[in-house]
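Read-outs throughout are calculated quantities, based only on the coordinates presented, and are distinct from any laboratory measurement. Computed from a prediction, not measured in an experiment: that's the story for all the values here. Neighbour counts are summed over all protein chains in view; Cβ atoms, including those assigned to glycine, are modelled from backbone coordinates with ideal geometry.
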Amino acid sequence: MQKPTQAKNAFDGLVRRTSAALNQLADHVGSAVPAKRIFWEADFSDLTGRDKDEFRTELASRFPAKCPTLYSIALGSSVDCELAWHLLNVAKSEKRLARAYCRVPPFANSHIMYVGSSQKLPHRILEHLGFGSKSTYALNLAHWASELVGTFTVDAQVYDEVTPEVLCALEDQLAVEVRPLFGRRGSLGVNAGGRCR
């Protein structure tokens with residue numbers, strides 16, 4: 001039977017190993033190549049006026065089915081971001097329709113609702129619209145945003161070939177910079193492991 005690793009041994013050289021890992025990640029981030037940028041806009045009224053299949057078809061025609069992508073979902077300039085924050089906060093606290101709503105951190109005056117990354121963006125956007133599994137953490141817009149008047153936009157940056165760690169580091173940096181209303185606002189460390197989609 002193998003002896004468990006001792007804490008003392010695990011901590012020996014940890015600072016040096018972490019520094020080397022972050023330097024290597026920084027090199028990979030520096031060589032990331034953006035392939036194309038794609039925008040998609042919809043009206044909040046579409047969330048009740050259209051069904052999942054209509055959205056699926058439209059998203060499939062707009063975004064690549066499988067490709068590393070960094071994205072943000074933003075409120076239109078005329079939409080009240082404080083009202084949006086309040087509505088999702090209420091839906092989450094009520095556990096409305098037993099859905100897994102994304103995090104609702106303290107209010108930040110931002111029109112960016114969410115920052116994320118995905119290998120399958122059309123599918124992930126459907127989840128944010130509210131057409132995914134109840135247990136998947138997402139905005140679930142169709143279940144709380146019907147009172148909002150105006151538009152929302154998906155802004156996506158597609159990359160040629162990047163590792164999940166690089167995509168996660170880019171997502172964290174963008175979230176720190178734009179401080180979205182919902183979801184994570186970046187991690188404490190650049191390399192957050194496998195938490196990014």
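Around the amide H of residue 113, modelled in the peptide plane, lie the amide H atoms of 73, 74, 75, 181, all under 5 Å away and 5 or more residues distant in sequence or on another chain. The angle between the Cα long axis of helix 164-178 and the main principal axis of the chain comes to about 60°, on a 0 to 90 degree scale. Placing unit charges on each Cβ (+1 for Lys and Arg, -1 for Asp and Glu) gives region 7-178 a dipole about its Cα centre, and among 136, 65, 112 the Cα reaching farthest toward its positive end belongs to 136. Sequence-distant contacts, meaning Cα pairs under 8 Å at least 6 residues apart, place the relative contact order of the chain at 33 percent. If you run the Gaussian network model on the chain, springs between alpha carbon atoms under 10 Å, then out of 138, 175, 20 the most flexible one is 20. Charges were assigned to the Cβ only: +1 to each Lys and Arg, -1 to each Asp and Glu. The resulting dipole of the chain about its Cα centre is roughly 920 debye. Out of 132, 13, 76, any idea which swings most in a Gaussian network model of the chain, alpha carbons joined below 10 Å? Largest GNM mean-square fluctuation: 13. What residue among 115, 154, 33 shows peak mean-square fluctuation when the chain is described by a Gaussian network model with Cα springs under 10 Å? Among 115, 154, 33, the largest GNM mean-square fluctuation belongs to 33.
What's the local net charge at residue 49, with K and R +1, D and E -1, over the other residues with C-beta under 14 Å away? It would help to have the intermediate numbers written out before the result.
On the way: positive: 50, 52; negative: 43, 46, 51, 53, 54, 58.
Neighbour charge sum, excluding residue 49 itself: -4.
Given a Förster distance of 45 Å, report the FRET efficiency between residue 19 and residue 100 from their Cβ-Cβ distance, rounded to the nearest 0.05. FRET efficiency, residue 19 to residue 100: 0.80. The distance linking region 4-68 with region 129-159 is 17 Å (Cα centroid to Cα centroid, whole angstrom).
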